[in-house]
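The values are calculated or read from the model by the stated rules, or taken from the named source; none is laboratory data. This one's a predicted model, so the numbers in the text were calculated from it and none came from an experiment. Cβ sites come from the backbone with ideal geometry, for glycine too, and all protein chains shown count toward neighbours. Quick note on the areas: whole protein, heavy atoms, side chains included, nothing else; ligands and nucleic acids left out. Shrake-Rupley method; radii C 1.70, N 1.55, O 1.52, S 1.80 Å.
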Amino acid sequence: MQTITLTQPDDWHIHLRDGDYLATTVPDVARYFARAIVMPNLTPPVTTAAQALKYRDEILAHRPKGSAFEPLMTLYLTDQTTADDIQAAALSPAIAACKLYPAGATTNSEAGIASITNLYPIFAAMEQHQLPLLLHGEVTDPSTDIFDRERLFIDQYLSQLVREFPELKIVFEHITTREAVQFVRDAGPLIGATITAHHLLYDRTAMFQGGLKPILYCLPVLKRDVHRAALLEAATSANPKFFIGTDSAPHPRHQKENACGCAAGCYTAACAIELYAEAFSQAGQIEKLEGFASHFGPDFYGLPRNAHTITLEASPWTLPETLPFGADALMPLRGGELIQWRLRTETQQSA
Ligand code: NCD
Ligand code: ZN
Ligand code: ZN
């Protein structure tokens with residue numbers, strides 16, 4: 001049986017939510033990810049260092065016994081964020097970055113930024129304190145075609161941002177287009193990008209196959225297959241600017257399967273590294289998974305690579321169709337379907 005052993009991976013973009021939902025999300029992410037960049041788009045959002053540290057404690061309280069999983073916290077930038085907020089975040093070792101949501105771009109982004117240029121003094125403070133900027137990179141003009149929103153964000157905002165703040169580390173999160181791949185590839189070494197497993201495996205046609213599939217609806221929305229191919233090429237290219245970030249984003253079933261407005265976000269934390277392994281092996285590039293999943297993220301953030309390893313084997317298994325999610329149910333991506341790769345547990349390893 002084909003197996004692959006990797007340095008333990010990290011997840012550089014995940015939504016763990018809060019309250020009862022942490023009992024599902026934290027054990028799932030902690031199965032093999034050593035660290036994860038935790039998104040701050042709670043309601044209300046996590047906008048100060050004090051709130052981020054409190055949220056971190058809630059996450060740690062749900063960490064399985066014996067797990068050393070480490071949540072890396074982020075601040076949600078708003079029009080009210082001050083340079084003092086940035087300094088306080090920079091002084092806290094548990095806070096790794098700040099996240100910019102253009103207002104209205106995605107789930108829980110109502111408190112996001114109305115004018116990116118108004119935030120330039122904040123970016124200057126982040127540059128000075130070496131705090132990375134994480135971007136949900138889509139324009140929000142409701143008249144802009146949804147499939148063009150990421151591409152237009154590059155021309156309208158990102159190019160200028162990168163020019164104005166040459167020392168600012170920026171992660172273009174969950175990229176979905178060949179234009180984003182090209183931009184990141186051509187930019188300097190401080191510009192990186194995360195890529196999700198679902199954007200490597202699915203194109204927009206999959207969302208409509210056999211009837212509308214709410215489970216595949218996320219933002220930025222899945223694109224044409226030529227974009228998926230460009231993402232796969234980038235992820236498997238051993239270029240350290242492209243690294244793992246699952247964007248696992250759970251919503252209760254009644255909000256996903258909602259006839260009057262399906263919530264955006266795919267839950268992949270129950271089978272994330274397994275899905276990446278599937279994408280890489282389908283491309284004949286499984287040996288490139290370790291760099292993408294375990295090396296390039298910590299290198300970009302200036303953190304040590306993990307010391308432990310995990311082993312995956314090509315041995316199909318079926319993920320449950322629903323998972324418990326507080327008082328709700330959660331439909332994981334690929335629930336009830338075969339997953340081609342399996343995590344080898346320590347007991348199996350020593351057998
Ligand atoms: C995310 C969520 O549900 O919080 N949804 C999504 O479709 N990706 C928000 C985000 O990452 O944009
Ligand atoms: Zn986003
Ligand atoms: Zn996200």
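Side notes on the structure shown:
- For the stretch 203-298, the helices (runs of 4 or more DSSP H) that sit wholly inside it and include 1 or more residues that are within 30 Å of T3 (Cβ to Cβ) and hydroxyl-bearing (S, T, Y) are 272-282.
- The stretch 140-174, residues that are β-branched (V, I, T) and in contact with an Asp or Glu (Cβ under 8 Å, 6 or more places away or on another chain): I154
- Of the residues making up the stretch 75-91, none is farther than 21 Å from K169 by Cβ and either of a type in the set (S, T, Y) or within 16 Å of ligand 3 (Cβ to nearest atom) (or both).
- Looking only at the stretch 243-290, and only at residues there that are within 16 Å of ligand 2 (Cβ to nearest atom) and hydroxyl-bearing (S, T, Y), the one that is farthest from L333 (Cα to Cα): T246
- Residue check for G326: on the phi > 0 side of the Ramachandran plot and in contact with a Gly (Cβ under 9 Å, 6 or more places away or on another chain): yes
- Among the residues of the stretch 1-34, those that are open to solvent by 10 Å² or more (accessible area, probe 1.4 Å) and either under 17 Å from A193 (Cα atoms) or within 16 Å of ligand 1 (Cβ to nearest atom) (or both) comprise H15, R17, D18, G19, Y21, T24, D28.
- Output for the stretch 292-322, where each listed residue is closer than 30 Å to N258 by Cβ and open to solvent by less than 30 Å² (accessible area, probe 1.4 Å): L319
- Of the residues making up the stretch 3-46, those that are polar (S, T, N, Q) and out of contact with any Leu (no Cβ under 9 Å at 6 or more places or on another chain) number 4.
- Contacts under 6 angstrom Cβ, first residue in the stretch 311-331 being acidic (D, E), partner assigned to a strand (DSSP E or B), 6 or more apart: E313/T3; E313/R342; E313/R344
- Within the stretch 121-161, the residues that satisfy the criterion of being open to solvent by 80 Å² or more (accessible area, probe 1.4 Å), without any contact (Cβ under 8 Å) to a residue 24 or more places away in the chain and assigned to a helix (DSSP H, G or I) are Q128, D155, Q156.
- Residues in the stretch 90-110 that are within 16 Å of ligand 1 (Cβ to nearest atom) and open to solvent by less than 40 Å² (accessible area, probe 1.4 Å): A97, C98, K99, L100, Y101, P102, A103, A105, T106, T107, S109.
- Restricting attention to the stretch 37-51, the residues being out of contact with any Phe, Trp or Tyr (no Cβ under 6 Å at 6 or more places or on another chain) and away from ligand 2 (no atom under 16 Å from the Cβ) number 5.
- Condition met for E167 (touching a residue at least 24 places away in the same chain (Cβ under 8 Å) and either open to solvent by less than 70 Å² (accessible area, probe 1.4 Å) or within 16 Å of ligand 3 (Cβ to nearest atom) (or both)): no
- Only one of R178, R163 that is over 26 Å from L75 (Cβ atoms), away from ligand 2 (no atom under 16 Å from the Cβ), out of contact with any Pro (no Cβ under 8 Å at 6 or more places or on another chain) and at pLDDT 95 or above: R178
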